[in-house]
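Undergrad: The structure's right below; bear with me while I get my questions together.
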Amino acid sequence: MDMLYRIKKRKLLGIVLILLVLLTMGMEKMRYDRAWREGDCMESLCFTIKNSMSEQVIRCFQDEAQEICYLFLPSYANAGDVHISFTGAYEVVFAGAQEEIVLRSGADISGLLYNQPYEMQFIDNDGQKLAQKRLVVMHSANLPAMFLETDSGSMELLNGDKDYEEKGRLVLFDADGSMVCADRLDRISGRGNSTWAYPKKSYGIRLKNQADLFGMGSAENWILLSNVEDRSYLRNKITYEMAIAAGMEGAPESQYIDLYVNNRYHGMYQLCEKVEIGPERIPITDLGAKNLKLNKDLQEYERFYERAGVREEKGVILPKEPADLSGGYLLERDVSEKYENESSGFCTLTLHDQYTIKSPKYASVAQVDYISSLVEEMEKAVTAKDGINPDTGLSYLDYIDLESYAMKYVLEELCKNKGGGATSSFFYKPEDAVSTKLFAGPVWDYDKAYARLYGIDGTARDLCYLTQRDNSTTLFWHLYAHPEFRQMVSDCYEAFFSDYILEINEKKIEEYVSQMYASGEMDRIRWKEIYGEAEEGGIDWGQEAQPIRSFLTERKAFLDEIWIEQKKLCTVHFIADEYHRDTYVSVIEGESLQSVPIGEAGSQNGEFIFDGWYTADGTVFDGSQPIFEDITVYSRSHRAAGEEP
């Protein structure tokens, strides 16, 4: 009996164990099925904007850390025209603070309120909850919307390599939903220097067909600026508009837009004209187009690199070239890391400035020699004390369009643009039949202006002649030594820029903020990995714009004193060979400097530790002394421990 009892007991325990295993497996399968269904529900969830023009699909942005989904709608989308779509569930319940709204796939979302959190619950036929997420619907205002799709359906390769190009398509709507453009894209590619390191990147696009976008003129090439380093989103916009108002040739028109990429909101961008030669851009002869017509596959020809004397020149050996080599040329004064990757360019002997030849991109030997010789001759004239080139006998005024150079200098100096003398600094030369002179412009790239940076880049009561950055040109310092240039600078400033500063502070900033405030809120959430958590109550636009306003107020007072009242300036020349700095800073006689280049003594910059500035007789100079005469100071530094000489 005992043995029989033990056998039955073992069988019973075995059955219980089997049942427990089966129950566990069943529960695991249920959990797996639920996880699968939840993923399926969320993956399939999308919203379609249906209007008379087209249908655009938008998927949610998921903030994984906060477990919130955001639906970012463009300005033109009315909730009644937005329809939800999903699979794997019977219906979705949106539980808000005051009511529940039940929607089935295909229904519109007119019952949902903007900027209100909802518990979004996916329900099956049996009333069981399959998945749950929080959802917030946000709505842009006042801005157009661009829907861009890559042929691959992904941005991974584009965001991983700035040189990678991909095709795609684009649909662009005005703020009211009117279609502005729908076209194939021959090219999408990344762009940017320091901004390329951020996940929100800038892009260049090329339409298959020329189009006039928002009255900016018909063209194929357009730029999508991320403005990622400027939390106010204002600096590029106010500068481009200032240049347009001043009548500066080729100044890029622009428009804030909401950008959607592959059905997902990508942020607020600034759609801009590209700096290039063209009827609606820089209206001069397109020498690059002539080269292409004569030689076809330009990138296939042999490259050349040589030094004439010690002047570096590079370009392409072309079998044929136009009879007239005098223009047009588009040049960019550039830094070494960018210059090295360009096809054509040269480095001058006089000022050691590197110029990329942006157009023609593939310049011939004769073309590079022509434009580099002209710039070299100009620099020799500008740096001569009397402004006369000792070799040609020509004045610097014979080489440059005085007004365009003065206007460029005033604008760059006014906003204290850090890179104005180093990179993104453009110049152009028409064919001789139009002009034999070099012109300055167009303007470009001002996200590091208006006191966004500290130290000498943010001071308002000095002139720096575009020499703040290491390896900057000293061209404008030498130009400023000539009375004709100084007079033109004063005339241009008094005639336009002085009053326009007031217009920026009193009108323009508010105008631009009113255009973009709603989109700015969406952008901050979309890119919170860059900007941090969104401010409670939204962006304080007054606080974001205040540094710009304060800087411009102080800047105007100073520039009025020197360019209208003609107060005397005294200059400190900072020489730091180990940092490749040749910086000039001028203040009103008797004032001290608000800051000095490089930084505090003891700070490390690259392989060197900065010890401070000293006069020729060894006296320490920290900028606090009132300046009553022109002086030169020199840096002292030592190598950091472990750095090889």
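The values are calculated or read from the model by the stated rules, or taken from the named source; none is laboratory data. The model shown is predicted, which means the values in this text are computed figures rather than measured ones. Cβ sites come from the backbone with ideal geometry, for glycine too, and all protein chains shown count toward neighbours. Heavy atoms of the whole protein, side chains included, go into the accessibility calculation; ligands, DNA and RNA do not. Shrake-Rupley method; radii C 1.70, N 1.55, O 1.52, S 1.80 Å.
Undergrad: Collect the residues in the range 398-430 that are over 28 Å from the mean Cα position of the chain (by Cα) and either open to solvent by 50 Å² or more (accessible area, probe 1.4 Å) or at pLDDT below 95 (or both), keeping them in residue-number order.
TA: Within the range 398-430, D398 is the sole residue that qualifies.
Undergrad: Given the residues L213, L158, which is the only one that is within 19 Å of C272 (Cα to Cα), buried (at least 19 other Cβ atoms within 10 Å of the Cβ) and touching a strand residue (DSSP E or B) at 6+ places or on another chain (Cβ under 9 Å)?
TA: Only one candidate qualifies: L213.
Undergrad: A further question follows. Here is a list: G26, G39. Which entry is more than 18 Å from Y114 (Cβ to Cβ), modelled with pLDDT under 65 and under 41 Å from the mean Cα position of the chain (by Cα)?
TA: Going through G26, G39 in turn, just one is more than 18 Å from Y114 (Cβ to Cβ), modelled with pLDDT under 65 and under 41 Å from the mean Cα position of the chain (by Cα): G39.
Undergrad: Pairs under 6 Å by beta carbon, first residue more than 14 Å from Y428 (Cβ to Cβ) and of a type in the set (S, T, Y) in the range 366-383, partner in a helix (DSSP H, G or I) and open to solvent by 30 Å² or more (accessible area, probe 1.4 Å), six or more apart or different chains?
TA: Note: pairs meeting the criteria are T383/H478.
Undergrad: Test F628 against the stated conditions and say whether it is open to solvent by 80 Å² or more (accessible area, probe 1.4 Å) and either touching a helix residue (DSSP H, G or I) at 6+ places or on another chain (Cβ under 8 Å) or of a type outside the set (S, T, Y) (or both).
TA: Spelling it out, F628 is indeed open to solvent by 80 Å² or more (accessible area, probe 1.4 Å) and either touching a helix residue (DSSP H, G or I) at 6+ places or on another chain (Cβ under 8 Å) or of a type outside the set (S, T, Y) (or both).
Undergrad: Would you please name the residue that is surrounded by the fewest Cβ atoms within 10 Å (Cβ to Cβ), looking only at residues in the range 478-532 that are outside any helix (DSSP H, G or I) and more than 27 Å from the chain's Cα centre (by Cα)?
TA: The residue in question is A481.
Undergrad: Something else: Going by what's in this entry, would E376 be described as among the acidic types (D, E), open to solvent by less than 60 Å² (accessible area, probe 1.4 Å) and closer than 30 Å to A245 by Cβ? It would help to see each step written out before you state the result.
TA: Details: among the acidic types (D, E): yes; open to solvent by less than 60 Å² (accessible area, probe 1.4 Å): yes; closer than 30 Å to A245 by Cβ: no.
Considered against the rule, which asks whether it is among the acidic types (D, E), open to solvent by less than 60 Å² (accessible area, probe 1.4 Å) and closer than 30 Å to A245 by Cβ, E376 comes out as no.
Undergrad: Within the range 431-446, which residues are crowded, with 24+ Cβ neighbours inside 10 Å, part of a loop (DSSP other than H, G, I, E, B) and either modelled with pLDDT under 95 or of a type in the set (G, A, S) (or both)?
TA: Selection gives nothing.
Undergrad: Still on this structure, please answer the following. In the list G96, G106, which residue meets the criterion of being at pLDDT below 95 and of a type outside the set (A, V, I, L, M, F, W, C)?
TA: Values: G106 fails: at pLDDT below 95.
None of the others qualify; the one that does is G96.
Undergrad: Just one of N291, N295, N389 is under 30 Å from P483 (Cβ atoms) and either open to solvent by less than 70 Å² (accessible area, probe 1.4 Å) or in contact with a strand residue (DSSP E or B) (Cβ under 6 Å, 6 or more places away or on another chain) (or both); which is it?
TA: N389
Undergrad: Is it fair to say P597 is open to solvent by less than 60 Å² (accessible area, probe 1.4 Å) and at pLDDT below 95?
TA: yes
Undergrad: So R231 fits all but one of (1) modelled with pLDDT under 95; (2) under 19 Å from the mean Cα position of the chain (by Cα); (3) not in a loop (DSSP other than H, G, I, E, B); what number is the exception?
TA: (3)
Undergrad: Now a separate question. Looking at S194, S226, S232 in this structure, which one is in contact (Cβ under 8 Å) with a residue 12 or more places away in the chain, within 22 Å of F147 (Cα to Cα) and among the small types (G, A, S)? Talk me through it step by step, then tell me what you get.
TA: Numbers: S194 fails: within 22 Å of F147 (Cα to Cα); S232 fails: within 22 Å of F147 (Cα to Cα).
Answer to the check: S226.
Undergrad: A further question on this structure: List the residue pairs whose Cβ atoms are under 7 Å apart, where the first residue sits in the range 490-511 and is among the β-branched types (V, I, T), the second is surrounded by 14 or more Cβ atoms within 10 Å (Cβ to Cβ) and not in a helix (DSSP H, G or I), and the two are 6 or more positions apart or on different chains.
TA: Going by the 7 Å Cβ cut-off, the qualifying pairs are I509/L234.
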